[in-house]
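The values are calculated or read from the model by the stated rules, or taken from the named source; none is laboratory data. Note that the structure is a prediction, hence the values are computed from the model and not measured. Every residue, glycine as well, gets a Cβ built from its backbone with ideal geometry; the counts of neighbours run over all protein chains shown.
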Ligand SMILES: Nc1ncnc2c1ncn2[C@@H]1O[C@H](COP(=O)(O)OP(=O)(O)OP(=O)(O)O)[C@@H](O)[C@H]1O
Ligand SMILES: [Mg+2]
């Protein structure tokens, strides 16, 4: 037991290191490729309301959905989260990103449609302190915490702290929309902006919310029998609802951008409101999840399957070139006298001493149309000056440069396996009457196959995930899937798609490894003696 | 020499020299002639050039100087695969990726023999070494002794006239070795193959061979049938190397025909056969085999020379007694006596008199 503990202690640093730097990132990548809580987190009320909507008919969503959208979007806009949501939904339907961005800018205008007439009806509505007094009270602590939690999830920020405001339970009952909007405002003003709630003018959304409450006849009658703070202003508003806009929020949104009335916009939002989505994976194989089911993307948008195939084929070509070039070198290394062999070995290892970037850039110099290789070919007269070979910014360039860069990974395992093949086998074969070639092909070569296996796995797996070299010399035709992954991680910021592509790559590699084990047998792979 | 061996030279080394580095000679002036059907063993200490000789014969090394002939034809320029020499390697060198049957079929296949004939021959060769039921296995699934037999069968399956074996029994335990020694000689003689066998082990060399070539320092020190080698070593290296041997050092006093008189360093004077001493006053080592020394007066030949000896140690070894004596200042003088009913067991500390025939006592180089 103690020995086991000690052994565990000895491996613990490595174990922790591996878990932290390898297993956790992989798991997080796997998770990220299906994770989709941004919709439900950013517009939670809308998602709930939308679940009632039957998208299969042409019927647009209920007014309730638009009201929730207004309340949700307003605070998301304050937290600058609405553009993130727009970007996310834009992966699934182009145009949604700009829809969210432009709508975000006009949310205040929508609120003012109600704010102006309300302030005309009773000037008290202009006063922040009046609002504070009207909304404050006791018994609304639970409601406050509920809104606080939603706000924290939406903004991804810590919303804990003293608000200096507790909604009155009575008002929460009486004016549910207004209470929500005002509480959101209070939380944001107190905690994010550090202001005193009582001294701040409420958000425009609060007026809009009051407008929502005033459309309900039960609320009107409840207001008329209400006697708490601000009762007279509310009753004045209730008495003059004909001065308020006669339309609802659906019209207000559609007025701002007619896309809010479009059926497929809402269908997309509804489709992507669950917390998990196959969308990224479908995207990664050039498909898309539409409200009508899974569909292939149009031909001109199909890129990933081509890229995956190209990556696989090119990795295979590179592996094959490495075998062809590396085998004779490894054979020489294993069979030359010690001294010559060590010099050759230094030459093989030399590339490891220079930076990968330098080597790749050197290839650029060599392969350019005005580069060394073309110059020599032209000078020798093999190639016309007019039609110099295009060796770079295409697949050829990637294959040439990567074969060179990965060659040592083929030579070293091959060498270490060949080193263990005793010369007596070949001698035996020759003494039995085999020519040099037969002795090599029938006796030496089969025994070096485990080295080929090990080298191939190494080179292939390195090649399939290679990034820098294809990026530099690959142009557009010679890039790999990893370049696309890098693009999504650092430029388009579509991490979910990047994660899905990465996961597929991982699965493909594991699958190939499995096939390899079935066909060749992993026991037949030797890295050395 | 085996039956059917003719005296015509089959394998010949003529003034062969070999140097790996161009400076020191590993094989110096090797001359050797073997008739067909002979079983010849190369015996010698490590590094004496045995393997090198074998490799030159097989064609994996080229002689720096001299000529190697096979059946009268110089083979210096014939590549190994055309020499038709069977070879058994020390580590057997069975191809690990082929089954036993495939290993055996290999030499037949490269000779483009028909499938049926191949099978037939492989079967016969496997049966010959009693491995008939192992054809489908891989070499790694066999014991050392079994691998050894397969290696032998593979070297014989294409019916070479000459077979080379480099310490083929080195990895086996004593009992298996003895069994295999018998089997190899038996097979070689039965098939009438000429065999060059390399070993470290002198017992192996003595029991198996028609002739033994004792190697040292890149030279053949003596080439002779086992009995002659044992009983009539031609120099003190061979006397020391083969079997157990007592040496007494001294100076030649007189040489007369086929006896000489040697004064030992302790002052005693004895008679001996002069083997490679040529002049009076020369220093010499006198060699006597332990079992040729007698201390039982009744058995001592009347012409025998006697010396005083002190018993130092008596070792009971079952079939023989081994007694260590001090003779003429030499503390390591060993005598061996058969455990016969009337044999006396000597007690350490007693003084005895020992004797031997002058013809068993050989005066060799110092
Ligand atoms: N390939 C080689 N290159 C250089 N020197 C070698 C080579 N092979 C053998 N030698 C040297 O030649 C000498 C004779 O070697 P060889 O292998 O013939 O000895 P051997 O009698 O077979 O010894 P052992 O009984 O240990 O096998 C040794 O000193 C050895 O170091
Ligand atoms: Mg040897």
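Observations, loosely collected:
- Selection count where residues are under 15 Å from residue A:119 (Cβ atoms) and in a loop (DSSP other than H, G, I, E, B), scope the range A:228-242: 2
- Among the residues of the range B:188-198, just one is over 16 Å from residue B:58 (Cα atoms) and crowded, with 18+ Cβ neighbours inside 10 Å, namely B:188.
- Some residue of the range A:447-462 being modelled with pLDDT of 90 or more and closer than 30 Å to residue B:75 by Cβ: yes
- The residues of the range B:41-78 that are within 12 Å of residue B:215 (Cβ to Cβ) and surrounded by 15 or more Cβ atoms within 10 Å (Cβ to Cβ), listed by number, are B:41, B:42, B:43, B:44, B:48, B:49, B:50, B:51, B:52, B:53, B:54.
- Among the residues listed as B:49, B:86, the single one being more than 16 Å from ligand 2 (Cβ to nearest atom) and touching a residue at least 12 places away in the same chain (Cβ under 8 Å): B:86
- Enumeration of residues in the range A:291-317 that are surrounded by fewer than 15 Cβ atoms within 10 Å (Cβ to Cβ) and not in a helix (DSSP H, G or I): A:291, A:292, A:293, A:294, A:295, A:296, A:298, A:302, A:303
- Residue in the range B:110-128 that is buried (at least 18 other Cβ atoms within 10 Å of the Cβ), over 30 Å from residue B:9 (Cα atoms) and within 12 Å of another protein chain (Cβ to nearest Cβ) present: no
- All conditions in (1) within 16 Å of ligand 2 (Cβ to nearest atom); (2) away from chain A (no Cβ under 13 Å) hold for residue B:70, with the sole exception of (1).
- Residue selected from the range B:16-27 under the condition within 14 Å of residue B:62 (Cα to Cα) and exposed (fewer than 15 other Cβ atoms within 10 Å of the Cβ), by the criterion farthest from ligand 2 (Cβ to nearest atom): B:22
- Condition broken by residue A:205, with the remaining ones in (1) over 19 Å from residue A:243 (Cα atoms); (2) outside any loop (DSSP other than H, G, I, E, B) satisfied: (1)
- Filtered by the rule that a residue be over 30 Å from residue A:224 (Cβ atoms) and surrounded by fewer than 17 Cβ atoms within 10 Å (Cβ to Cβ), the range A:120-162 gives A:145, A:149, A:152, A:153, A:156, A:157, A:158, A:160, A:161, A:162.
- The range B:140-153: number of residues that are surrounded by fewer than 20 Cβ atoms within 10 Å (Cβ to Cβ), in a helix (DSSP H, G or I) and in contact (Cβ under 8 Å) with a residue 24 or more places away in the chain: 3
- Exclusive hit being in contact with a helix residue (DSSP H, G or I) (Cβ under 6 Å, 6 or more places away or on another chain) and more than 10 Å from chain A (Cβ to nearest Cβ), set B:60, B:134: B:134
- Any hit, the range A:402-420, residues being facing chain B (nearest Cβ under 9 Å), in a helix (DSSP H, G or I) and either at pLDDT below 90 or out of contact with any strand residue (DSSP E or B) (no Cβ under 9 Å at 6 or more places or on another chain) (or both): no
- Residue selected from the range B:199-218 under the condition away from ligand 1 (no atom under 12 Å from the Cβ) and either within 14 Å of chain A (Cβ to nearest Cβ) or surrounded by fewer than 18 Cβ atoms within 10 Å (Cβ to Cβ) (or both), by the criterion farthest from residue B:9 (Cα to Cα): B:203
- Qualifying positions in the range A:382-411 - touching a helix residue (DSSP H, G or I) at 6+ places or on another chain (Cβ under 7 Å) and surrounded by fewer than 17 Cβ atoms within 10 Å (Cβ to Cβ): A:383, A:385, A:389
- Filtered residues of the range B:228-246 (kept if surrounded by fewer than 20 Cβ atoms within 10 Å (Cβ to Cβ) and more than 24 Å from residue B:323 (Cα to Cα)): B:228, B:234, B:235
- Selection status of residue B:81, more than 16 Å from ligand 2 (Cβ to nearest atom), in a loop (DSSP other than H, G, I, E, B) and either within 14 Å of chain A (Cβ to nearest Cβ) or at pLDDT below 90 (or both): no
- Meets criteria (within 18 Å of the chain's Cα centre (by Cα) and either more than 16 Å from ligand 2 (Cβ to nearest atom) or touching a residue at least 24 places away in the same chain (Cβ under 8 Å) (or both)) for residue B:106: no
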